[in-house]
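In what follows, a single structure is set out as structure tokens and then discussed.
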Amino acid sequence: MRPSAVIRAALAIALFAMASAGAQAQENEEECACEAVSFAQCLAFSGVDGECSTFSDCVGYVCAPGAPITCWITEATVPIATQSGSFGIVPCTAVEASNPQPLWAAWPSVIEIGTGVRLEGITRGPGTFVYVGSLAGEPIRSVDVTDGTVSPATPALGTTVGLYYEPSNRVLYAAGGPAGQAYAFDMSNGGALLSSVVLPGSSFVNDVVVDSTVGIAYFTNSFSNQLYGVQLAANGAFGAVFQITLGGEWVQPPAGTFAANGIDKVGNSLIVAKSDVGALYSFARPTSATTVAAVRITGVDLPNCDGIRHDPSTGLMYVVQNRLNKVAVLSLSPTLDSAVLVREIMSPQFDVPTTVAVYRDFLYLPNARFGAENPGSIEYSVVRVPK
């Protein structure tokens with residue numbers, strides 16, 4: 001190792017270079033090593049790299065190009081963070097030095113999950129993991145995107161549709177579909193059930209998002225204009241339930257028609273996908289029982305819209321159009337009443353994708369394979385595409 005003063009100076013230079021160039025993390029062509037840094041420094045780096053939002057996100061280093069003694073903080077294939085708040089040394093190997101590759105170059109682009117699992121929901125988890133649910137009532141599975149390792153992450157309690165992982169309390173929330181249930185799993189305790197609740201009058205609990213700033217989980221109900229807000233305790237367990245009526249420009253279709261689908265938060269607002277008309281609706285985030293004035297977001301048509309995910313690092317909204325086998329990438333107006341279609345993402349590997357998780361420069365989507373024969377005996381997979 002070189003003197004720490006030189007390393008600190010090089011780190012400062014690297015910060016300036018990152019802010020100026022916004023380069024992506026990659027392996028250095030020369031051998032190099034990183035000195036331990038604090039969590040605060042990790043967050044300072046992440047302000048440019050956009051990766052670290054919690055301690056559990058800051059799990060590794062990759063050597064920076066052109067500066068053998070400085071490093072970019074990123075997510076390594078093997079977490080090395082310690083609970084004390086410091087980080088270890090990750091030297092470039094001789095192979096890496098002679099053949100530099102992006103960290104994710106060897107990661108699988110298609111990850112096989114299993115037979116008959118009937119995928120639907122996905123959410124980014126801690127570190128390099130995503131979680132996927134099961135319409136077949138199987139356990140929620142954890143998936144390591146770096147090598148495709150798939151493992152049961154929760155008990156099998158029934159159908160799970162939309163998922164949302166909240167890193168602040170390490171709780172995984174799941175919408176229970178036709179059972180009208182909502183589940184909270186404690187991922188710091190081996191995925192044990194933390195709490196569950198039956199949402200009153202629900203017919204199909206479809207998706208969920210958590211707003212940790214107000215401590216509320218929001219669930220959509222696909223056959224009703226009623227959403228649900230569930231107060232959360234400090235440990236993430238469910239508390240009181242309140243109902244939110246979608247009013248304003250929201251017109252509920254006839255009984256039995258699938259409407260409210262994916263949900264996400266943008267600032268102090270919520271956005272819901274309405275499948276029957278192929279549109280997104282926005283409204284101010286409620287914190288108690290009320291009727292909200294939902295506004296249809298104009299400028300784009302989104303037939304077969306399903307899961308949605310807003311990427312705060314870019315400001316873009318990703319909308320999965322399931323049976324069209326594509327993802328619409330939208331730029332939302334500041335007032336959330338209009339949007340512009342930036343591009344569409346398609347892949348020959350898509351087979352009715354339903355929901356989306358954002359990780360680094362990629363999207364991960366589960367193939368639900370709706371309409372396939374013998375859904376209980378076919379293979380299901382998660383597909384990675386550039387975002």
(request) Could you check, for region 371-383, whether at least one of its residues is at pLDDT 95 or above and under 19 Å from Ala260 (Cα atoms)? (result) no
(message) Conditions first: (1) more than 11 Å from Arg118 (Cα to Cα); (2) open to solvent by 70 Å² or more (accessible area, probe 1.4 Å); (3) among the charged types (D, E, K, R). Asp361 passes all but one, so which condition is the exception?
(response) (2)
(request) Look through Thr291, Thr314, Thr298 and report the one residue that is β-branched (Val, Ile, Thr), open to solvent by 50 Å² or more (accessible area, probe 1.4 Å) and closer than 18 Å to Ser275 by Cα. (result) Thr298
(request) Working only within region 142-198, note down all residues that are in contact with a strand residue (DSSP E or B) (Cβ under 7 Å, 6 or more places away or on another chain), closer than 29 Å to Val110 by Cβ and acidic (Asp, Glu). (result) Asp144, Glu166
(message) With at pLDDT 95 or above and more than 19 Å from the chain's Cα centre (by Cα) as the only criterion, which of Gly116, Gly121 stands out?
(response) Gly116
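The values are calculated or read from the model by the stated rules, or taken from the named source; none is laboratory data. In this text the structure is predicted, and so the values were computed from the model without any measurement. Neighbour counts run over all protein chains shown; Cβ positions are idealised from the backbone, glycine included. Surface areas here come from the heavy atoms of the whole protein model, side chains and all, with no ligands, DNA or RNA. Shrake-Rupley method; radii C 1.70, N 1.55, O 1.52, S 1.80 Å.
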